[in-house]
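This report concerns only the one structure given below.
The values are calculated or read from the model by the stated rules, or taken from the named source; none is laboratory data. All values derive from a computational prediction rather than experimental measurement. Quick reminder, even Gly has a Cβ in these numbers, built from the backbone with ideal geometry, and neighbours come from all protein chains shown.
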Amino acid sequence: MSKSSIYGLTLEKLTVWLMEHGHKKFRAQQVWDWLYRKRVTSFSEMTNVNKECLQLLEEHFVIHTLKQHVKQESADGTVKFLFKLQDGNLIETVLMRHKYGLSVCVTTQVGCNIGCSFCASGLLKKSRDLSSGEIVEQIMNVQHHLDEAGQDERVSHIVVMGIGEPFDNFDNLIDFLEIMKDQKGLAIGARHITVSTSGLSDKIYEFADLKMQVNLAISLHAPNNELRSRIMKINRAIPIEKLMQAIDYYIEKTNRRITLEYILLRDVNDQRETAQELADLIGDRRRLTYVNLIPYNPVDEHSQYQRSEKESVLAFYDTLKKNGINCVIRQEHGTDIDAACGQLRSKQIKQAQGK
Ligand code: SAH
Ligand code: SF4
């Protein structure tokens, strides 16, 4: 069996593991420091850790299991990475530059079972969940890429918006978030991390109860069941009423703002009336709700959808604003390098299959 990545362990789990194997607690902290602060890429570089401990780690873990397969840099500074997993599957990770810092978009599953009608990731059914280590490794690989450039740049923000439904891989997601937040590690602030879900309501309750201070974004994309079920089949199982109940619970429990994501699809969900319906749905929740309007990134296989006209986008935005809804139009990154969710991966797979 192939060894797993040591990046999959939270500091607590690493400490317990090392102590169970006869080592002192401080060893875990030393190893952690080498991994996340000094960011070495081999156990042998951990010079203050004794030989027996290093040997034990070598026997059970590797540091890197991902291999960089493709790296594309865009004119706006976006970098897209395609990584090969140990089993040969490909996943993608995107680094984006903003005024406020550097954010990384991570993948949580190989494919996605939710199968939204506009999404490139859902074209391929989920073949498996990523381990927590494989999710952490994406961030570490990007951080190593930055370290090598020697500009002293840090990943400051994380968006869990790559391939997959993070709440369908809940436990590994939570370990990943713990590892990213750890004060002795990368120490990325919870408020700088956003998890996006298609709306698995049971997990929204669980996530609220954890009180992690991590931002939550919900892919809403339509204000009524008829329309939402048409574009996201998950809505047939979890309709809007159920989703809104979970959102209310989240807001009440955490007193945190929630983001509603809304892809604008031409003549499908981008009309003024639909914007009004969305504003009405949000209603009294507006104080703690933020709408993110997302320009649709065309996907070859979903030719039934087109990007909204500029005027419709502005009219939609205007209608929400007039209703007192906080709202932004999402800035796009790296459209010249297929930076949208799942696109590079699906293109590469198609190429490999000769399509
Ligand atoms: N599965 C989760 C997270 C990954 S998708 C979710 O659905 O929320 C992250 C975001 O990308 C979602 O809001 C999704 O709706 C959006 N997205 C998917 N396909 C897109 C496309 N072709 N153009 C623009 N945004 C897209
Ligand atoms: Fe899966 Fe999210 Fe894509 Fe829907 S939008 S298919 S949930 S990755």
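Kindly indicate whether residue 142 is in contact with a Leu (Cβ under 6 Å, 6 or more places away or on another chain) and part of a helix (DSSP H, G or I). Judged against the criteria, residue 142 is a match.
In region 261-274, how many residues are in contact with a strand residue (DSSP E or B) (Cβ under 9 Å, 6 or more places away or on another chain) and either over 14 Å from residue 317 (Cβ atoms) or not hydroxyl-bearing (Ser, Thr, Tyr) (or both)?
So the first thing to find is which residues in region 261-274 are in contact with a strand residue (DSSP E or B) (Cβ under 9 Å, 6 or more places away or on another chain), and the list is 261-266, 269-270.
Then drop every residue that is not either over 14 Å from residue 317 (Cβ atoms) or not hydroxyl-bearing (Ser, Thr, Tyr) (or both), which leaves 261, 263-266, 269-270.
Summing the residues that are in contact with a strand residue (DSSP E or B) (Cβ under 9 Å, 6 or more places away or on another chain) and either over 14 Å from residue 317 (Cβ atoms) or not hydroxyl-bearing (Ser, Thr, Tyr) (or both) in region 261-274 gives 7.
Scanning region 228-239 finds one or more residues that are surrounded by fewer than 18 Cβ atoms within 10 Å (Cβ to Cβ), without any contact (Cβ under 8 Å) to a residue 60 or more places away in the chain, outside any helix (DSSP H, G or I) and away from ligand 1 (no atom under 14 Å from the Cβ).
Within this structure, residue 240 fails the test of being under 20 Å from residue 294 (Cα atoms) and touching a strand residue (DSSP E or B) at 6+ places or on another chain (Cβ under 8 Å). Scanning region 114-140 for residues that are farther than 22 Å from residue 78 by Cα, near ligand 2 (Cβ under 9 Å from one of its atoms) and either touching a Cys at 6+ places or on another chain (Cβ under 7 Å) or among the charged types (D, E, K, R) (or both) yields a total of 2. Counting only strands (runs of 3 or more DSSP E) that fall entirely inside region 35-136 and contain at least 3 residues that are over 22 Å from residue 194 (Cβ atoms) and at pLDDT 95 or above, no element qualifies. Within region 180-220, the set of residues being touching a strand residue (DSSP E or B) at 6+ places or on another chain (Cβ under 9 Å), within 16 Å of ligand 2 (Cβ to nearest atom) and assigned to a helix (DSSP H, G or I) comprises 203, 204, 207.
For residue 308, the conditions (1) within 15 Å of ligand 2 (Cβ to nearest atom); (2) surrounded by 15 or more Cβ atoms within 10 Å (Cβ to Cβ) all hold with the exception of (1). Within region 146-205, the set of residues being within 12 Å of ligand 1 (Cβ to nearest atom) and among the basic types (Lys, Arg) comprises 203 only.
Taking the options 98, 64, 69, name whichever one is over 22 Å from residue 181 (Cα atoms) and either exposed (fewer than 14 other Cβ atoms within 10 Å of the Cβ) or away from ligand 1 (no atom under 16 Å from the Cβ) (or both). Give the steps one after another, and end with the answer.
Working: 98 fails: over 22 Å from residue 181 (Cα atoms); 64 fails: over 22 Å from residue 181 (Cα atoms).
Criteria check complete, one pass: 69.
So which residues in region 98-113 are out of contact with any strand residue (DSSP E or B) (no Cβ under 9 Å at 6 or more places or on another chain) and within 16 Å of ligand 2 (Cβ to nearest atom), if there are any at all?
Filtering region 98-113 for residues out of contact with any strand residue (DSSP E or B) (no Cβ under 9 Å at 6 or more places or on another chain) gives 99, 112-113.
Within region 98-113, 112, 113 qualify.
Mind telling me which of the residues 284, 267, 318, 280 ends up being surrounded by fewer than 19 Cβ atoms within 10 Å (Cβ to Cβ) and part of a loop (DSSP other than H, G, I, E, B)? Going through 284, 267, 318, 280 in turn, just one is surrounded by fewer than 19 Cβ atoms within 10 Å (Cβ to Cβ) and part of a loop (DSSP other than H, G, I, E, B): 267.
Put simply, of 144, 157 the only residue that is in contact (Cβ under 8 Å) with a residue 12 or more places away in the chain, under 15 Å from residue 103 (Cα atoms) and out of contact with any Gly (no Cβ under 9 Å at 6 or more places or on another chain) is 144.
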